[in-house]
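Single-structure report; data block below.
The values are calculated or read from the model by the stated rules, or taken from the named source; none is laboratory data. These figures come from a predicted structure and were not determined experimentally. Quick reminder, even Gly has a Cβ in these numbers, built from the backbone with ideal geometry, and neighbours come from all protein chains shown. Just so you know, the surface numbers come from the protein's heavy atoms only, side chains and all, with ligands and any DNA or RNA stripped out. Shrake-Rupley method; radii C 1.70, N 1.55, O 1.52, S 1.80 Å.
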Amino acid sequence: MSTSSDVTERLKGILGSAGVMTDWADQEPYAMDWRKLFPGKPACVVRPSSTEQVAQIVQICHEAGVAVVPQGGNTGLAGGAVPDSSGTQVLLSLNRMAAIRNVDPIGMTIEAEAGCILKVAQDAASSAGRLLPISLAAEGSATIGGVVAANAGGVNVLRYGMTRNLVLGLEVVLPDGTIANGLRRLRKDNAGYDWKQLFIGSEGTLGIVTAAVLRLLPRPKHSVTALLSVPDPDAALRLLELAQDELGDQVTAFELISRTSLGLVARHAGLKPPIAEGEWFVLIEAASSLAGLREAAETMLGSAFEHVIALDGVIAESGAQAAQLWALREHVTESEAREGKSVKHDVSVPLTSVPCFLAEAGEALAAGAPGTRVNAFGHLGDGNIHYNVLVDAGHDANVINRIVHDVVAAYGGSISAEHGIGQYRVGELARYRSPVEMDITRKLKRALDPEGLLNPGKVLSA
Ligand code: 2HG
Ligand code: ZN
């Protein structure tokens with residue numbers, strides 16, 4: 001078997017010396033995840049500029065028995081896109097493959113390469129009068145390949161579904177370097193197995209996404225954004241029901257934010273909500289191509305106040321004010337990181353169980369991990385709560401995971417609603433998924449990557 005330094009030399013033959021980074025100073029930004037929980041050290045970082053180059057790199061590594069770790073914008077929160085610290089793995093960054101290959105406003109599709117920044121793709125769709133409805137706080141750095149590989153969620157899942165629902169076609173480099181080209185733009189395609197689904201959400205463990213065709217939608221002409229305080233999570237759910245009764249499927253986002261979250265945002269980002277204090281807040285957005293949305297939203301809010309489902313609230317008067325309301329929500333993650341150490345839980349439970357989950361997890365933590373503080377916020381409309389626990393040096397993350405995830409499991413929930421497993425939750429997946437489901441997962445991995453060379457140690461232990 002060749003060593004990773006032989007491989008590095010062969011890779012230079014394809015990409016030139018400039019395309020293969022071997023100096024630590026150049027590698028460092030690629031070696032560490034955003035949360036700085038998983039410091040890695042690659043043998044080299046390669047930055048191919050075409051699918052053919054990706055295929056050649058993967059083939060060389062496959063022949064040599066060297067592991068490859070694909071990386072997009074490196075914005076993930078589960079350590080899924082960074083190498084281990086052995087100094088033997090090849091980090092393959094897709095950031096030079098950033099082209100938008102095609103935007104079709106009539107067929108309503110966009111084809112983009114893996115390294116294209118999500119925001120750039122959103123803007124290209126918007127310039128063509130269309131909407132790419134994947135929206136997340138990291139959209140200025142996250143890339144299409146990473147979004148697809150992670151099956152990203154975000155704030156619009158309530159109306160448009162997860163990334164999976166928007167992928168029409170995929171191009172993937174398989175673990176042996178073969179290119180699978182499924183870049184079709186078809187709305188209907190029932191010809192055999194829908195194999196691309198295997199790669200969406202596989203976190204780069206089954207193949208490397210090099211390009212994708214995504215579905216676009218009509219770009220709504222009107223939108224309304226409101227921030228409300230609610231007495232408790234139960235009232236937030238009743239507000240969701242009311243919003244869906246009154247505004248139908250025009251509700252695009254329904255986000256829950258706790259007072260603790262807003263406290264962090266005030267302390268570390270200097271942003272304050274324009275409404276009176278409360279324990280819980282809801283950020284609602286609705287969008288439509290037809291007029292009358294604002295009037296409908298005002299009627300809905302009037303009824304919410306009347307029934308004491310909402311205590312105080314504001315509807316944005318302009319796009320700028322809507323952006324200010326969103327900034328309160330979008331700064332939570334960064335503010336939490338500035339506050340100190342946290343143990344993140346990206347959980348989902350059936351929607352109607354969210355209030356009980358919040359209450360029970362809070363009680364269990366107070367009893368089992370005194371001194372911790374809960375920073376709960378997230379996509380209530382999807383039953384997805386980011387239940388992050390702020391900790392001190394003395395707290396044990398494993399104990400906290402067990403407390404929170406046991407409550408999640410009791411409600412038939414998931415230990416990862418949208419962030420994926422990465423390295424962070426490998427043990428938790430094995431613990432909370434049934435042996436049969438884990439067996440299916442291992443069989444799929446073995447079938448596509450028998451040597452275990454693609455992103456080892458992510459999703460499943462290496
Ligand atoms: C969000 O919804 C992201 O803002 C990040 O998914 C959540 O920081 C987190 O735990
Ligand atoms: Zn989220």
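Details
- Distant-in-sequence amide H partners of residue 312 (H built 1.01 Å from N, under 5 Å): 229
- In this structure, the residue pairs whose Cα-Cα separation is over 22 Å, taken from 344/443; 119/221; 36/341; 12/445, are 344/443; 12/445.
- Binning the C-alpha pair distances of the range 303-458 at 5 Å intervals from 0 yields a P(r) profile of 2, 7, 14, 16, 17, 14, 11, 8, 5, 2, 1, 0, 0 %, listed from the shortest bin outward.
- As a rough guide to protection, the peptides 445-456, 206-217 ranked by mean Cβ packing within 10 Å, highest first, stand as 206-217, 445-456.
- Positive contributions from Lys and Arg (+1) and negative ones from Asp and Glu (-1), summed over other residues with Cβ under 12 Å from the Cβ of residue 288, come out at +1.
- Surface accessible to a 1.4 Å probe, per residue, for the residues of the chain, Å²: 42
- Extension gain, residue 442 to residue 268, is 58.4 nm, computed as 0.36 nm per intervening residue step minus the present C-alpha separation.
- Rounded to two decimals, the Cα-based Rg/Rh of the range 1-124, with Kirkwood Rh, is 1.02.
- Spacing of the modelled spin labels on residue 6 and residue 277, each 7 Å from Cα toward Cβ, amounts to 6.8 nm.
- Our estimate of slack between residue 399 and residue 327, defined as 0.36 nm per intervening residue step minus the Cα-Cα distance, is 22.6 nm.
- All other residues whose Cβ lies under 13 angstrom from that of residue 396 are scored, Lys and Arg at +1 and Asp and Glu at -1, for a net of +1.
- With every protein chain in place, the range 14-123: carbon and sulfur % of accessible area (1.4 Å): 52
- Nearest-10 value in Å² for the accessible area of residue 436, using the 1.4 Å probe: 100
- Taking amide H as placed 1.01 Å from N in the peptide plane, the amide H of residue 182 sits under 5 Å from that of 170, 171, 172, each at least 5 places away or on another chain.
- Karplus-derived 3J(HN,Hα) values for the range 158-164, using 6.51 cos²θ - 1.76 cosθ + 1.60 with θ = phi - 60°, are 3, 9, 10, x, 6, 3, 3 Hz; glycine and proline are entered as x.
- A helix-only calculation puts the chain at -11000 deg cm²/dmol for mean residue ellipticity at 222 nm, using -39500 (n - 2.57) for each DSSP H run of at least four residues, averaged over all residues.
- Sulfur and carbon atoms: percent of accessible area, the range 290-442 [1.4 Å]: 55
- In the range 408-462, the alpha-carbon atoms span a convex hull of 81 Å³ per residue.
- What the phi angles of the range 291-301 give under the Karplus curve with 6.51, -1.76 and 1.60, with θ = phi - 60°, is a coupling list of 6, x, 5, 4, 4, 4, 5, 5, 4, 4, 5 Hz, glycine and proline written as x.
- Peptides ranked, highest mean first, by Cβ atoms within 10 Å: ranges 356-363, 414-421, 185-192: 414-421, 356-363, 185-192
- Positive contributions from Lys and Arg (+1) and negative ones from Asp and Glu (-1), summed over other residues with Cβ under 14 Å from the Cβ of residue 329, come out at -4.
- Packing, as the average of other Cβ atoms within 10 Å across residues, places the peptides 8-18, 102-112 in the order 102-112, 8-18, highest first.
- Extension gain for residue 35-residue 52 works out to 2.9 nm (0.36 nm per residue, less the C-alpha to C-alpha distance).
- Using all pairs of distinct alpha-carbon atoms, the Kirkwood hydrodynamic radius of the chain works out to 23.1 angstrom.
- Residues in the range 405-421 carry Karplus couplings, in order, of 5, 5, 5, 4, 5, 4, 9, x, x, 10, 7, 8, 7, 8, 7, x, 9 Hz; the curve used is 6.51 cos²θ - 1.76 cosθ + 1.60 with θ = phi - 60°, and Gly or Pro positions show x.
- Relative contact order for the chain, counting Cα pairs under 8 Å that sit 6 or more residues apart, in percent: 15
- Between amide H atoms placed 1.01 Å from N, distances below 5 Å from residue 109 occur with 104, 216, all of them 5 or more places distant or on a separate chain.
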